[in-house]
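Step one of this worksheet: look at the structure below.
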Amino acid sequence: MVIRFNAETPRYVQVRQWIERQVATGYWKPGDTLPPERELAQQLGVSPLTVSRALQGLAREGIVTRKRRVGTTVAENLPPNLLQRSFTIMALGLGGGTRQPVDFYFSSIQRSVLNTLAPLALRTLWLDYQIDQIERELLSTEFVGVLAMAPAAEHIALLEDLYRRGVPVVIVGASAQAWETPTVDTDNYRAAREGIEYLLGLGHRRFIGLFGALETFNSRDRWRGFRDALHEAGVPDAHIWTFTTPYADEVDEAVREGIRTALRLPNGPTVIFAGGYYLALSAMQTVHQAGLRIPNDVSVLGFDDPPSAALASPPLTTFRQPLDQLGARAVQKLLECAKGVRPDPLHEYLSMELIVRESTAPPTPAAHVPAQSP
């Protein structure tokens, strides 16, 4: 468990802060004996003198006691200021610079993060991906680590740099095998494949795929799963219509008209695979605008399962993400990183559950033909 040090703070101070975090978060409890100084130095990748200087400072504050032939132990009566100190987890992605109010996805993860942290006396500082603000907080705050929620592609270099500098970082809601930074994500690629297999099993052979911008990691993985599953099933490209939108919460009129045009074709699509919840709602609205019925003429499958999904007309077939588990596991992984433990696996994927409702059904003959237009 080697600490990755930053150049701005003396190493003995960073070692001291690291030991304080282990005590404050309960990794080492009152009465526990710390590893010998030479062993601890080797584990942390510093000199024994650096560890000794850090422990001397902790002993002066009453956090540890040092005795010959006994070693260093955590004090039985810890100073109140340690337990009351505002150790902070920085959660990125919900600050003032976000494009829209927090939605079901983010609010569910946020609730899970807060519930997991509540017994640990750790506060959470919610920030946007503003590098100057992050750097300022890292220097001024007793921080545990950084929890990065659903970062965009332009944020990854910042997060990778923080992790290389020794800042504990866990990315939640996005992933790539090439990243050095630990991640916890839902298995979007596998879910998309399962969704296509389900629709193929119903008898669908002509598909619309509707996705948010493919620069977004979840959208990219869902699109990849959609594409790969259809190609492996032998569905020709001529039977696949793919549309993308800049945002996952809205569909502009040009895309809607493209979908309506495809649905009017003599051999048009019989199902819309929507790579997000709001995209699914927009798809359902577009189908209704085209004078078609769901699922009689066109089936619709989406992602995410807020309570309103069951109240859609008809109720939406969709993938339910384990958002409570996602947030809790990300916090646990971050605390492991803060203790110097390299997460195993580095990239962790949680499975989704397909919730089948009334928006999907087997295709019917001429299902895609709309009512006669004037």
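Here the condition is being part of a strand (DSSP E or B), more than 19 Å from P269 (Cα to Cα) and open to solvent by less than 60 Å² (accessible area, probe 1.4 Å); of D185, D221, it holds for D185 alone.
When the test is whether a residue is within 23 Å of F243 (Cα to Cα), free of Cβ contacts under 8 Å to residues at least 40 places away in the same chain and open to solvent by 60 Å² or more (accessible area, probe 1.4 Å), E215 does not pass it. In this structure, Y247 does not satisfy being surrounded by fewer than 17 Cβ atoms within 10 Å (Cβ to Cβ), assigned to a helix (DSSP H, G or I), in contact (Cβ under 8 Å) with a residue 40 or more places away in the chain and of a type outside the set (A, V, I, L, M, F, W, C).
Among the residues making up segment 336-355, those that are touching a residue at least 12 places away in the same chain (Cβ under 8 Å), more than 16 Å from I109 (Cβ to Cβ) and either out of contact with any strand residue (DSSP E or B) (no Cβ under 6 Å at 6 or more places or on another chain) or surrounded by 19 or more Cβ atoms within 10 Å (Cβ to Cβ) (or both) are C337, A338, K339, G340, V341, R342, P343, L346, S351.
Within segment 282-300, can one find any residue that is closer than 25 Å to S112 by Cβ, of a type in the set (A, V, I, L, M, F, W, C) and in contact with a strand residue (DSSP E or B) (Cβ under 8 Å, 6 or more places away or on another chain)? The answer is no, given that none of the residues of segment 282-300 is closer than 25 Å to S112 by Cβ, of a type in the set (A, V, I, L, M, F, W, C) and in contact with a strand residue (DSSP E or B) (Cβ under 8 Å, 6 or more places away or on another chain). Which ones in segment 39-58 are under 24 Å from L138 (Cβ atoms), open to solvent by 10 Å² or more (accessible area, probe 1.4 Å), part of a helix (DSSP H, G or I) and touching a helix residue (DSSP H, G or I) at 6+ places or on another chain (Cβ under 9 Å)? Matches in segment 39-58: T50, R53.
Hey, can you tell me all the residues within segment 156-182 that are surrounded by fewer than 19 Cβ atoms within 10 Å (Cβ to Cβ) and not in a helix (DSSP H, G or I)? If the condition is that a residue be surrounded by fewer than 19 Cβ atoms within 10 Å (Cβ to Cβ) and not in a helix (DSSP H, G or I), then R165, G166, A176, Q177, A178, W179, E180 are the ones that fit. Within segment 115-155, the set of residues being open to solvent by 20 Å² or more (accessible area, probe 1.4 Å), farther than 27 Å from V23 by Cβ and free of Cβ contacts under 8 Å to residues at least 60 places away in the same chain comprises D128, Y129, Q130, I131, D132, Q133, E154. There is no residue in segment 303-311 that is surrounded by fewer than 20 Cβ atoms within 10 Å (Cβ to Cβ), on the phi < 0 side of the Ramachandran plot and among the charged types (D, E, K, R). Pairing residues of segment 315-335 that are basic (K, R) with residues that are open to solvent by 30 Å² or more (accessible area, probe 1.4 Å), at Cβ distances under 6 Å and at least 6 apart in sequence or on separate chains, gives R320/E353.
Only a single item in (1) among the charged types (D, E, K, R); (2) under 25 Å from P266 (Cα atoms); (3) part of a helix (DSSP H, G or I) is not met by R205, and it is number (3).
Residues that are open to solvent by 20 Å² or more (accessible area, probe 1.4 Å) and modelled with pLDDT of 95 or more within segment 315-327 comprise P315, R320, P322, Q325, listed in sequence order. Of all residues in segment 283-331, those satisfying the criterion of being among the charged types (D, E, K, R) and either touching a helix residue (DSSP H, G or I) at 6+ places or on another chain (Cβ under 6 Å) or part of a strand (DSSP E or B) (or both) are D304, R320, D324. Restricting to segment 10-38, what's the tally of residues that are among the charged types (D, E, K, R) and at pLDDT 90 or above? Result for segment 10-38: 3. Pairs linking a residue in segment 27-51 that is free of Cβ contacts under 8 Å to residues at least 60 places away in the same chain to a residue that is in a helix (DSSP H, G or I) and among the basic types (K, R), with Cβ atoms under 6 Å and 6 or more positions apart or on different chains, are V46/R11; P48/R38; T50/R11. In segment 14-38, the residue that is surrounded by the fewest Cβ atoms within 10 Å (Cβ to Cβ) out of those that are polar (S, T, N, Q) and not in a loop (DSSP other than H, G, I, E, B) is T33. Criterion first (surrounded by fewer than 21 Cβ atoms within 10 Å (Cβ to Cβ), more than 20 Å from S175 (Cα to Cα) and either β-branched (V, I, T) or within 20 Å of the chain's Cα centre (by Cα) (or both)) does V235 satisfy it? Yes: the conditions hold for V235.
The values are calculated or read from the model by the stated rules, or taken from the named source; none is laboratory data. Just so we're clear, the structure is a prediction, and the values are computed from it rather than from any experiment. Because the Cβ atoms are built from the backbone with ideal geometry, glycine has one as well, and the counts that use them run over all protein chains shown. The area values use the complete protein model at the heavy-atom level, side chains included, leaving out ligands, DNA and RNA. Shrake-Rupley method; radii C 1.70, N 1.55, O 1.52, S 1.80 Å.
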